[in-house]
Every structure is written in C-alpha cells, then in structure tokens.
1. Can you find a residue that is basic (Lys, Arg), under 31 Å from the mean Cα position of the chain (by Cα) and modelled with pLDDT of 90 or more anywhere in the range 498-517?
2. I'm trying to understand the selection: among the residues of the range 583-606, which are open to solvent by less than 20 Å² (accessible area, probe 1.4 Å) and over 30 Å from residue 620 (Cα atoms)?
3. Please enumerate the residues belonging to the range 69-92 that are among the β-branched types (Val, Ile, Thr) and either part of a strand (DSSP E or B) or touching a strand residue (DSSP E or B) at 6+ places or on another chain (Cβ under 7 Å) (or both).
4. Whether any residue in the range 431-447 is touching a Ser or Thr at 6+ places or on another chain (Cβ under 9 Å), of a type in the set (Gly, Ala, Ser) and within 21 Å of residue 546 (Cβ to Cβ) is what I want to check.
5. Residues of the range 198-220 being buried (at least 24 other Cβ atoms within 10 Å of the Cβ), modelled with pLDDT of 85 or more and part of a loop (DSSP other than H, G, I, E, B), which ones?
6. Return the only residue of 484, 499 being more than 30 Å from residue 561 (Cβ to Cβ), touching a residue at least 24 places away in the same chain (Cβ under 8 Å) and of a type in the set (D, E, K, R).
7. Please specify each residue of the range 350-389 satisfying the condition of being within 18 Å of residue 402 (Cβ to Cβ), open to solvent by 50 Å² or more (accessible area, probe 1.4 Å) and touching a residue at least 40 places away in the same chain (Cβ under 8 Å).
8. Checking residue 526 against (1) surrounded by 16 or more Cβ atoms within 10 Å (Cβ to Cβ); (2) polar (S, T, N, Q); (3) closer than 23 Å to residue 476 by Cβ, only one condition comes out false. Which one?
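The values are calculated or read from the model by the stated rules, or taken from the named source; none is laboratory data. Just so it is clear, the structure is predicted and the values come from calculations on it, not from any experiment. Neighbour counts are summed over all protein chains in view; Cβ atoms, including those assigned to glycine, are modelled from backbone coordinates with ideal geometry. Heads up: the accessible areas ignore ligands, DNA and RNA and are worked out on the full protein's heavy atoms, side chains in. Shrake-Rupley method; radii C 1.70, N 1.55, O 1.52, S 1.80 Å.
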Amino acid sequence: MFRINYLILSVIGLLPSLVYAQKDCHAMLFGTVTEEGSEEPVPFAEVFIVQTGQGAITDDQGRFVFTEICEGEYTVNCHHIGCSHLSSEIKVVGETNLCFHLQHESLKLAEITVHAKPIELRSTQAERSLNGEKLAAVKGQTLGDLLKNLPGVTTLNTGSGIAKPVIRGLHSSRVLMLNNGVRQEGQQWGSEHAPEIDPYIADKVTVVYGANSVRYGADALGGVVLVEPRALRSEPGVGGEVNLAAFGNGRVGVASGMVEGNSKLKTRNSKLAYRLQGTVKRGGDLRTPDYFLKNTGVKEINYSATVGLEREKWKSEVFFSQFFTDIGVYRGSHIGNLTDLENAIERGRPTDDGTFSYKLGRPLQRVAHYLLKAKSEVKTGTAGKLTLQYARQFNRRGEFDAHKRYGTLPSELNNPEMLFEITTHTFDLAWEHKSWRHLTGSLGAQGMAQRNTTDRGGLIPNYNSQTAGVFWIERWRKYPFPLEFEAGVRYDLRHLNIENRGNEVIDKQLDFSNLSGTAGVVFKASEQFDIKLHWGSAWRAPNVNELFSDGVHHGSASYEKGREYLVPERAHSTNLSFDFDNQRNFAINFSLYRNIVNDFIYLRPTAEPVLTIRGAFPAFAYDQTDARLMGLDWSAEWKPIAALTLTSGASMLRAWNKQHDEWLTLMPADRFQMGLAYSPKAKKDGVTKENAPFVKLGVEHVLKQTRVPDNQDFAPAPAAYTLVNFEAGLALPIVDPHLSVGQGKSSIVNRLTLTLTIQNLLNTAYRDYLNRLRYFSHEVGRNVSVKLKYSF
C-alpha cells in the first residue's frame, strides 16, 4: 500500500515539472528521510521544492524522488507531524542525493472541538437561491433585476432603473422581503417603489414560492424574498473584499467595500465580531438601440455596520444600515395634455434621439431608508433556543413632479411635490425546540406598529397601523424513513386608523383578522430524488393606497383611484415540485403550482386617460375579483463533458379573472432560457474548480403576452423578443509560495476575480409587457460591464 501511495504521489509531483521539461530539464533529486539517532525511516514525511512548487511524500522506506527537474539551486523543505521542520539549500546537478534527519519533538495536543451537523431538513416549500459566483455575477444591478435570474421571477418595471420582483404573477405587498431577518417596510405599495436594499449586503438571496404567511407574517400570498448577509466572522483575524463595476450603458460606476473581523475577549469564552460595508453608485442617461432615455440616471450611497458578541450560551447582534438614492424617471413619460399623450403612445419613442447626460432633473424619486436591528439568542438548555428581535425602520420618499399647478418649476431639487414618511417598529419573539419524539418546531409572536404621513401631495392619507400575530410550526422526521411532514398555523389581526388626505378628513377605523395555515410533505425517493407537496392558505388586508388613493402618482406617471369597499384577499396555494440531482453531471427541478385568490385586488386600466392640472396621464382604478393563477417553472443543468455545462429554464403562467371570465391584466408572459458554459479547467467529475476560468452564453426568449383582457389597455401588448447575453470570468488566487503543497489551499489569503458581462449582446430593440413606461419607449440596448472583486 505504501508503494502504491509512493507511486501516485510521485506522479503528482511530476505535473509541475512539465513546464521545465520543455527546457530540456532531465535532472533528478532523490533521497531519504530518517529519524535522528535511530536512523529509522520516516514514512509519510512531506518534501517540498519551494521554487517549483513540486511536492512528494515519502514511502514506507522513507524515500522520495523528483525527476525531470532543471539543474540549479533550490530550497527544499521537509515536514513531518511530531518532528522539527528542516530546510536545505542544495544545488542539483545530474542525479543528486539529499537526506534529511528529523528530530522528534514533544507534542502537546491542543483541545479538539468536534462540531456535529445534523442531517439537513428539506423544505417542504419550493425555493431557489442565488449565492456564490452566480450572485457575484449579477451584483451591481438592482435587487429586482438580480432576482430575475431565478425561475418564476420577473420584474414590474417603471422605465429602466426601477424594478420590483414579481413571483409567479404576484408582487408589491403580496411578496414579503426580509432584509437580514427584518421584514422590509417602506412605501412598497407602489408598483414603481423598488426595494430599498443594497444587493452588496447579500451573501445569499432566496425566493420561497407560494403562500408563506405562517412563519413570515401576513400578506405573503405570493412568496418571500430572503436577503441574507454572510454570518459574522467566527475565526480571529481581519478580512474583507472590494467590488468595482463599470457598465457601458448609462456609464454607470459602482464601488463597494467590506471589512470584517473577530477577536477573542479576555472575559471567558467571549468573541467580538464586526463588519463595515458601503456602496456608492452613479449613472447617467440610459440608451435604447436607437436613442437616449432622458433623465434616467441614478445616484446611490449605502452603508451598513454590524457588531456581534457571542458567549457559550448566548449571542447578540446589532445591525444598522442606510440606503439613499436619487432615481430619475424618464422625462418623456410626463405629458402636458391628452392630445400629446395620445401622440406619444402612438409614436412610442421620443421625438429626438437625445444626448448623454449625468444630470438628474424632474421627474425624480428621492428615497432614504434607515434600519436598526437588535437581536439576541439564548440557548434554553438542551431543549432549543429563544430568539428576541427588535427593529426600527424609517423610510422617506420624495417624488418631484415635472409639472406644477401654478408658475414655473424650480430648477433645484429641494421641495418634492409628494413626500411620504413611514416609521415602523417590529418585534419578534420565537422559541425553536429540538427533536422531541421526532418533532422539531417553533412557536412565537410578532408585532408591528407603523405611523405613515403624507406631508405633501395627498395621494394617500395619513394613517396609523398596528399588527399582531402568533404562530406555531411543527416538523416530523424519523430518519431514515423517507417521508417528512410539516404543518403550521397562524393568527393575525390588524387595526388601521385613517386620518386625513390633505385637507380632506376621512377619520375611519378599520379592523381585520384571520387565520393562515400550511401543510407539506417531502418524499425522499432516493439520495438523488425528492418530491415535495405543499399547501398554504394566507390572507391579506387591503392597503391604504388600494382603499383611498386618489390622484397622480408621479413615480409611475399614472392617475390612480382607490376603492373604499375593498375586502381582504384569501389565497389557497398548492405547489408540487420534483428535484433530481445525481451529484455528477445532471440536475433538474420542475414545479407545478395553482393559486386561487378570492377577492383578488388588482389595478385595472380605465377606458380613457385623465387630464389634470398637472398634465395628462394613463388612469388606473383598483378593483376586485376572484382569480386563478396556474403555471409551471423548471430549471435544468447537464454536463455532457467535464468542461461543458448546458442549462435550460422556463416560466409559464395562466392567470384568469373568474368573475369576468377573462384573462387578468399585467401578468408576465411566458419566457424560456437556454445557456451553455465552458470551463477548460473543470475536474473530471464535472465539478468546476473554484478558480477555473469560464465563458457563458445565454439566450432568453419571451413570448408576446396574448392573454390580455379586451379593451383594458392603452396600447397593444408588445411583440415577442429574444435576448442574447454573454459572460466570461477568471479568478486569480494569491498563494504564499513558502508554504508546502499540503498547506497550499489554506494559504490562499487573497483572491482577485474579473468578470466581463454583455447584456443584450445583439442590441435588440424590444419592449416588455410589464414595464409601465413601455407606452413611451423601448427597453435598454446593449450593456457591457466589467466587474472586479478583490477578497482578502
């Protein structure tokens, strides 16, 4: 056996010498490693040539050999556990012999801690994640655009700079977003109000599909988006990363940095960890294949800080973040009168091609979001752990109009025509218990208090809101029994105190309450194949904007009218998914879903646009119906050879208005993706090495949305389109050359990653049905970006 290992390791040791073989290098270095005094051979000693990176391990007779090396002077290191390390300077000429005599040292064993990891619990719900290289490749975009890379997720856009995630046809208040474990609360009711989250915070982004109100809170009819930063550093030391990105379209530049550390305190078993992070972004007018989009630039400044303290039985964490952005709204979407509006829609583009500018003017959104979170976890003996979390959020949104009631508009951006402010306090208490009679679960309570003021504009009224809920979830698993079961129940109540809208006094008290439930099963057919069936029932009270909005919504360039008689929605969601992964060269996920939403609230285009003193705008009114949303998603990956990966994906949705016996409006069109990736340094088992270069080519085809109601839109649905995207990347590790082969992987302290991406490679001119400004312009053309990431 020792001779077999010796032969294998000798062959491995030859690999780096191939480069020198081209220089006609045929020298040999050989020798033995023995114990000083007894001269007994030392097997499994490691011998390493510093200059060439070649390494070998001695056989059972203590012998090693390096062949086909160049003549010259070398430094040779020798290591063995329990012995002193030796280093020798030697000149190799022809066949050179080198012997090491190692001296044994007394070896004091340090304390060893064994960390056991339980068998992973499989979620009964369909979910997909972006992390690692896939997440790094799309950072620099908005969070909504980032999520489009997951099956079943599209975006509702307002122009090219504002993107809101749509999960299987549902969006806005029906999709909950958890930012670092905190329910994100801003003015998310607006279709053009993008999430106020810096994507560079995230180490992993997960979409959980279907009704998920039991664990995450009421309103989650469509799904949940989890934005999760990496855990605070657990090992002593300091590290971090720097990200730089440049986008050709809009001449956008992004810089983001993070530094983190951990130190052990003098108090017993205490660790203090910290992280500082920040991002700046600046961009100018975007361009379609044929013309510039005036006033579509962006300015963004974000930062966050985290401090954590951990002891043996408890840990606490404090997190603070600020998100600030100025987003320009396409100037051609704000029209002065009905005739000009009709002409603009018919024309479908600006009257001139325009020129590039970084200047931001009206119309514009200015958004600031502040989040403070404090969280503590305490182990409750061997039974589980108790978690307590408090968070405060403050959101200020200013909307600057391109029209004015009287006089001329000011050139500066100091006083917005609309100003929304909302302060949110959330409380979470949860106890998670460990396995008891094969049951694991959690129960807890959540509370939320909000104060919303509309200081200017009067689109929605001032109001106070209080929400409270309790939940209980249990999971049964008896390994290795192939079935796992999960069930949960939740009760929520919500109180709304509606005050005034501008000078109009409303003074109404509204109360809503109801139950939510979930049940699911996982069948583990084999180590490679899972089948999941999940059912969930959730409800959502109507938002204040759906009840009482009345006026021009400048951010979306539309007139919106609420309905006071709206009642809560009730959704019943069923999802069946199949997951297969042979862990070698093939994986596929296929999901079927059916979502019945009674009293579904939707924004319906009115027959005619509305002319106001501020201009002419497309008009929309909130309405209610019973809806059925059915569809399928799939994603697949196949490696026919080690270096080549083929991917496929699709999302198809059928959304039906049951009361009016017609299709629902503003639903995503069917879309299909195909891609291939080539990595020449992939391992033979098909798993790509961490530092292997790669090239990817992707094709996305979106069909025309033909399933639209008659006479409920201002323009026909746009034609189908096909986009081609390209990506290439390379990672360059920085290794300490003085460490041996066995230490090499752990000695990679720095890493430089370079990525080139080209979106819309063919510069295709197209419009997307879910863009609220598709009436006035095309989508963005070719966009070349370069991203640089330095980790240390």
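1. Scanning the range 498-517 turns up no residue that is basic (Lys, Arg), under 31 Å from the mean Cα position of the chain (by Cα) and modelled with pLDDT of 90 or more.
2. If the condition is that a residue be open to solvent by less than 20 Å² (accessible area, probe 1.4 Å) and over 30 Å from residue 620 (Cα atoms), then 589, 591 are the ones that fit.
3. Across the range 69-92, the qualifying residues are 69, 75, 76, 90, 92.
4. Looking for residues that are touching a Ser or Thr at 6+ places or on another chain (Cβ under 9 Å), of a type in the set (Gly, Ala, Ser) and within 21 Å of residue 546 (Cβ to Cβ), one finds none in the range 431-447, hence no.
5. Once the filter is applied, which keeps residues that are buried (at least 24 other Cβ atoms within 10 Å of the Cβ), modelled with pLDDT of 85 or more and part of a loop (DSSP other than H, G, I, E, B), the range 198-220 yields 198, 220.
6. Numbers: 499 fails: more than 30 Å from residue 561 (Cβ to Cβ).
Unique residue meeting the criteria: 484.
7. 352, 359, 366
8. (1)
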